[in-house]
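The values are calculated or read from the model by the stated rules, or taken from the named source; none is laboratory data. Just so you know, these numbers come straight off a predicted model, no measurement behind them. Here the Cβ positions follow ideal geometry from the backbone for every residue, glycine too, while neighbour counts run over all protein chains shown.
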Amino acid sequence: MKSSVIVFPGSNCDRDIAVALEKMQFKNQMVWHKETKLPKSDLIVLPGGFSYGDYLRSGAIAGKSLIIDEVIKAANSGCLILGICNGFQILTETGLLKGTLLRNKNLKFINKDVHIKVLNNNTKFSNKYKNNQILKINIAHNEGNYFTDPNHLDELNKEGLIAFKYCDEKGNINNDTNPNGSLENIAGILNLKKNILGMMPHPERMIDEIISNKDGINLFSSLLN
Amino acid sequence: MKFSVTVTLKKNILDPQGKVVENTLINMGMNSIKSIRQGKYFLIEVDENDQSIAEKKVDEICKKLLVNLIIEDYKINKF
């Protein structure tokens, strides 16, 4: 399976995701944002970081970069797209995913391992997980407070487009287990065709027992499945 | 031709930064404050002599990049 990781000035999780993909036997290429052609890819990853120093709004400038036109074309023809953290913010700025990510409700940059629940395992990104499985995954963001309009929220719920929700280690989903004020504890969403996933937690940081855990591995093995 | 653009969060969107500024000012003893909303300000110079065409261009700039229409409102003023 061939993957491309798009690199923007200010991306800082691009190497981490490359290591994760290569560990899982993806044939990965790094693609600089000024490129106008994408290598043939089954998966395109928009990595975490602070593209363009979060100028204007997180992801706003990256969302207008040259390579993004190609990413949009690929997405519309069914290519799998994964946006992690800043990548999720970029996906909302391009319009590939609806809604937006507001500043964390408590105004703090949050860097900690949190629990998330798998809400839909019937997707290319999550088929190796069990439904309602609880994962411990790191978050590290200042703008992760997902917001969207009521009609879209309705669609997310009805179509099973909410991939992950924040919870505690027992799986309780409520205000106390919501780290950033995100609507309905949403941690990750899919588009209607389910070929695009945007998520704030970092699965690429959870692939090795020595430095964390392996809860992120099944996201990548799902893609290979 | 110069224009100013003010971008603010929509009324129903929580503005935590504005809220912190508001609370701080109240803590400083400025009790007459009702509320504070924080926003962004842009000064844009357009190479165009026709005002209505220039305004349209600024409006396009706002919609395409400066403003996230899901959460923000904007106001264009001739400078």
Only listed residue being crowded, with 17+ Cβ neighbours inside 10 Å and within 14 Å of chain A (Cβ to nearest Cβ), chosen from B:Ile61, B:Ile13, B:Ile70
B:Ile61
Please specify each residue of the range A:16-53 satisfying the condition of being without any contact (Cβ under 8 Å) to a residue 24 or more places away in the chain and either within 19 Å of A:Met199 (Cβ to Cβ) or surrounded by 23 or more Cβ atoms within 10 Å (Cβ to Cβ) (or both).
A:Ala18
B:Leu43 within 14 Å of another protein chain (Cβ to nearest Cβ) and within 14 Å of the chain's Cα centre (by Cα)
no
Being modelled with pLDDT of 95 or more and in a loop (DSSP other than H, G, I, E, B) narrows it down to one of A:Gln29, A:Gln25, so name that one.
A:Gln25
Please specify each residue of the range A:47-74 satisfying the condition of being outside any helix (DSSP H, G or I), within 21 Å of A:Lys37 (Cα to Cα), within 14 Å of chain B (Cβ to nearest Cβ) and not hydrophobic (A, V, I, L, M, F, W, C).
A:Gly59, A:Ser65
Expected single match for in a strand (DSSP E or B), farther than 19 Å from A:Asn145 by Cβ and not aromatic (Phe, Trp, Tyr) among B:Ile44, B:Ile26 is B:Ile44
Residue count, the range A:89-135 (criterion: surrounded by fewer than 20 Cβ atoms within 10 Å (Cβ to Cβ), within 14 Å of another protein chain (Cβ to nearest Cβ) and at positive phi)
2
